[in-house]
Amino acid sequence: MISESEGTELVRLARKAVETYLQKSVVIRPDQDADMAGVFVTLNYLTRNKEEHLRGCIGFPLPDKKLHQSVVDAAIAAATEDPRFPPLDRRELDSIIFEVSVLTTPEEVMTRPAEYKKGIKIGRDGLILRWRYGSGLLLPQVPRELNWNIDEYLANICYKAGAPLDALLDPESKLYKFQALVFKEVEPNGKVTMLDLHNI
């Protein structure tokens, strides 16, 4: 799907897009573009104690746009439009770790709700829940990073969607899973590595 060198290029593009936007209020246009793909850009603030804290995360779960342009748009949105955080200040850039997740097309989990645990694997599958009053998404690295088991994962996708736990039992609700290749800076503006989601 995406090679490690291509993933490195995408992370560099995300950082360049945010730097240019914060410094010049200009949205860069990528020199090249790959196929369409869903993508998320995550920004983590690195403290002096080397602890990472989420600073912004926005993306596009469906392959509606070309990959490179999606990375640019998601990166700028993660830095300036995540409603959970104030817009990123350019002085913060030296403390921000950039992460890009390239998503497969979501597919509906077709098993009955009582059997969801059999069809979902932590470390492999991200989740999207669409229910009658909204939707929510969790990237596959999230349950690994937070050490959730499958029950906690399912509970938290409901929470993310603003849904009660029994929303998964509602026949109108739809649960989707997807996979991702995740590329991340080891340190701010440093080497980029591809995450092994099974061993975070």
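Each residue in the stretch 6-27 was checked for being surrounded by fewer than 18 Cβ atoms within 10 Å (Cβ to Cβ) and among the hydrophobic types (A, V, I, L, M, F, W, C), and 2 pass.
Within the stretch 28-46, restricting attention to residues that are without any contact (Cβ under 8 Å) to a residue 40 or more places away in the chain, assigned to a loop (DSSP other than H, G, I, E, B) and not charged (D, E, K, R), the residue that is surrounded by the most Cβ atoms within 10 Å (Cβ to Cβ) is Ala34.
Filtering the stretch 180-199 for residues that are of a type in the set (Phe, Trp, Tyr) and closer than 18 Å to Glu107 by Cβ leaves an empty set. Only residues that are farther than 30 Å from Glu92 by Cα and free of Cβ contacts under 8 Å to residues at least 40 places away in the same chain were counted across the stretch 162-200, and they come to 8. For the stretch 151-173, the set of residues classified as modelled with pLDDT of 95 or more and charged (D, E, K, R) consists of Glu152, Lys160, listed by residue number. For beta carbons closer than 8 Å, sequence separation of 6+ or different chains, a first residue in the stretch 136-158 that is within 22 Å of Arg112 (Cβ to Cβ) and a second that is among the basic types (Lys, Arg) and surrounded by fewer than 16 Cβ atoms within 10 Å (Cβ to Cβ), the qualifying pairs are Ile150/Lys117; Asp151/Lys117; Leu154/Lys117. The set of residues from the stretch 173-192 being part of a loop (DSSP other than H, G, I, E, B) and under 21 Å from Lys118 (Cα atoms) comprises Ser173, Gln179. Report yes if some residue within the stretch 39-54 is within 23 Å of Leu146 (Cβ to Cβ) and among the acidic types (Asp, Glu); otherwise report no. Yes, the stretch 39-54 has at least one match.
Residues to consider are Tyr176, Tyr116; find the one that is of a type in the set (Phe, Trp, Tyr), modelled with pLDDT of 95 or more and touching a strand residue (DSSP E or B) at 6+ places or on another chain (Cβ under 8 Å).
Tyr176
The values are calculated or read from the model by the stated rules, or taken from the named source; none is laboratory data. These numbers come from a predicted model, not from an experiment. Positions of Cβ are generated from backbone atoms using ideal geometry, with glycine treated the same way; all protein chains shown enter the neighbour counts.
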